[in-house]
Amino acid sequence: MCPIPVRQLPYHPLYFHNANSTTKERTCSVCNQPAAMFCIDCDDDYCAACCNVHEKMKVTRNHLLQPTKCNPKLMTCELHESKILDYYCLECEKLLCNQCTSCDQRSHHIVSTSDACKSFKETLLLGGQMKLNKVLDSLDVVKNNYTLQRKQEKDHGINLKREVHQRTNYIISMLQSREKLICEQIDLAVDDNTSLIEQQIDCTKKSMEKVTKFLEICEEWRKMPVNNALLQLKPLLNQRLYQIMEENRIKQNSSSLKLDSISWTDKVCETILPLIEEYGDVQITKASLNASKTSFQNWSYELQTPMGLSKANQENHVYVIESLWKAQKQKLRVRKVSIQGKVIADVWACSKSCSSLSDMISPVIASNDNKMLAVGIGHEVILVNSATKKSYKFGKQGNYPGQLQGISSVAFSSVGNILVADYVLNRVSMFSSEGEFILCFGTSSKNSCANEYSLSNPSALAIDAQDHVYVADTDNHRIVVFNHEGCYLKSIGCKGSKLQEFVEPCALVLSETVLVVLEKGNKRIQFICLENDNTVIGSLNLVNVTVPRHLIWIKSPGSAGKEDLSGNILVADSENVYVNSLFVE
């Protein structure tokens, strides 16, 4: 709604004259100075000095003085022009003269204007001032909040820009390293292709020399005067010409070499784009970690301090990873061992400097059907080919997606991806077989605050044929199941000592539809049938095991069915590997 101009407002006796009014300036009736007050009783204007005299004179000291800027209609009644508005009706909120009070306002509460003004000042104005002061205080609080919020926003913006700058530098450094790697690969491919092409060029030159020599011979024979000789040489010439044409045809057909093409677009899509899409992409360091012969020397040929177990391809064989402290170094090795404790072969070994035993890292191990081993140490994953003993590592320390802090378990999926459980970051990360980061899932939470995706100290992984990922959520005392894309599917169990309940599950083994769970708290192994509503079909209490860590179940090859638990159970507790044979009567 548009505001109404002041000059168009309806008349009210409390309105003052407009300050811009063109009315002639009023002067004092005594000294002709600009008038300041108007005496209602005398009907004269007075300046400030004359007002002081007027108020002190005995005759006029009780006269009513008003500012000259007041509307004259404010002082006199509209119905009785000669009467002064000396009274105020509280019910009507209207100024009245003495005649108006005697005519039509007899039943209303009428007071003098001075009393009405005094009450108005004490109630409305004073109360209004208090309310306005409260409003002012609240506005001051709001202003302070906005000021603080403005500062916080500026600080947040500075932090965001700093983070963007850090991530940008990180991406630039990664791109530069990838650029160097790709350029090296391109140089190698170009050198290989160039050498093949040069070989073909040499062969072509030799063929050209043969053809040139034959042309020279043909030219000489063409100039020979004796034709009988040419006729005698005709079969030989035709045969030689046929041979040259045949050789030339073969060379011509093989001139297009089947070389491996170098596609810059493919290299960008495979190595650079994933890095740009994921800030936490991990740079592969193809550092050689091949175990030398001296790495296994001066080690006892008995099992010492087993830290992890993994099933080998051969029947009744397992991989054991051991950790030793010697000469200010942590020495690690992987050995293939039979379930009778006999060492079949040493597979891999390495060592790292440590200042004390507290710096030692608990390694973990996993294997797949392609003779590949994945060894997790701290924030790095080392891939070892158990047949060729060749290895390379990947992993970068940090909190961003694709980075690692503390590896507690590794596992292979059916498509060759590597899943890594991180007990520090409380999540599971997935990498390709080349160490490229794919995705991660899981959030940090514990006990009553745990939700579907929350994990607290995930210490074991198991993957079924459908690539469903089973995670031992140790501190939340349950098993959480995700699909291969990291979406939550279900959870199994809760805290307790009964069947289908867990206390600190620390190791998992999955064989067909039977999930084997090792509990650190209850020192117990439970066999859970996943097809039968997670029913426990068997359990085994561990007697001699001190602190169980890892578990292997080698099921008997001639087992009767899915619920046949016959076979061998191996449990490692950092001191020994315990073997327990299970038989079904």
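The values are calculated or read from the model by the stated rules, or taken from the named source; none is laboratory data. This one's a predicted model, so the numbers in the text were calculated from it and none came from an experiment. FYI the Cβ positions are ideal-geometry reconstructions off the backbone, even for glycines, and counts take in every protein chain you see. Quick note on the areas: whole protein, heavy atoms, side chains included, nothing else; ligands and nucleic acids left out. Shrake-Rupley method; radii C 1.70, N 1.55, O 1.52, S 1.80 Å.
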Hits in the stretch 535-545 (condition: open to solvent by 70 Å² or more (accessible area, probe 1.4 Å) and part of a loop (DSSP other than H, G, I, E, B)): 543, 544
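Within the stretch 327-339, how many residues are over 40 Å from the mean Cα position of the chain (by Cα) and open to solvent by 80 Å² or more (accessible area, probe 1.4 Å)?
Initial filter on the stretch 327-339 (over 40 Å from the mean Cα position of the chain (by Cα)): 327, 337-339.
Going one step further and asking which of them are open to solvent by 80 Å² or more (accessible area, probe 1.4 Å), we end up with 327.
Qualifying residue count for the region: 1.
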Among residues of the stretch 409-429 being assigned to a strand (DSSP E or B) and open to solvent by 20 Å² or more (accessible area, probe 1.4 Å), the residue nearest to residue 337 (Cα to Cα) is 412
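To keep it simple, each residue is scored yes or no on (1) aliphatic (A, V, I, L, M); (2) at negative phi; (3) surrounded by fewer than 21 Cβ atoms within 10 Å (Cβ to Cβ).
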residue: 431; (1), (2), (3): no, yes, no
residue: 434; (1), (2), (3): no, yes, yes
residue: 438; (1), (2), (3): yes, yes, yes
residue: 493; (1), (2), (3): no, no, no
residue: 515; (1), (2), (3): yes, yes, no
residue: 519; (1), (2), (3): no, yes, no
residue: 533; (1), (2), (3): no, no, yes
With the checklist (1) open to solvent by less than 40 Å² (accessible area, probe 1.4 Å); (2) under 22 Å from the mean Cα position of the chain (by Cα); (3) under 29 Å from residue 347 (Cβ atoms) in hand, flag the one item residue 397 doesn't pass. (1)
Hey, residue 153 hits all of (1) open to solvent by less than 100 Å² (accessible area, probe 1.4 Å); (2) modelled with pLDDT of 75 or more but one; which does it fall short on? (1)
Output for the stretch 340-389, where each listed residue is aliphatic (A, V, I, L, M), closer than 25 Å to residue 436 by Cβ and loosely packed, with under 13 Cβ neighbours inside 10 Å: 387
Leading residue by the ranking (modelled with the lowest pLDDT) among those in the stretch 450-468 that are more than 20 Å from the chain's Cα centre (by Cα) and hydrophobic (A, V, I, L, M, F, W, C): 465
With the stretch 187-283 as the region, which helices (runs of 4 or more DSSP H) entirely inside it contain at least 1 residues that are surrounded by 11 or more Cβ atoms within 10 Å (Cβ to Cβ) and modelled with pLDDT of 70 or more? 227-253
Failed condition for residue 59, given (1) exposed (fewer than 11 other Cβ atoms within 10 Å of the Cβ); (2) modelled with pLDDT under 80; (3) of a type in the set (Val, Ile, Thr): (2)
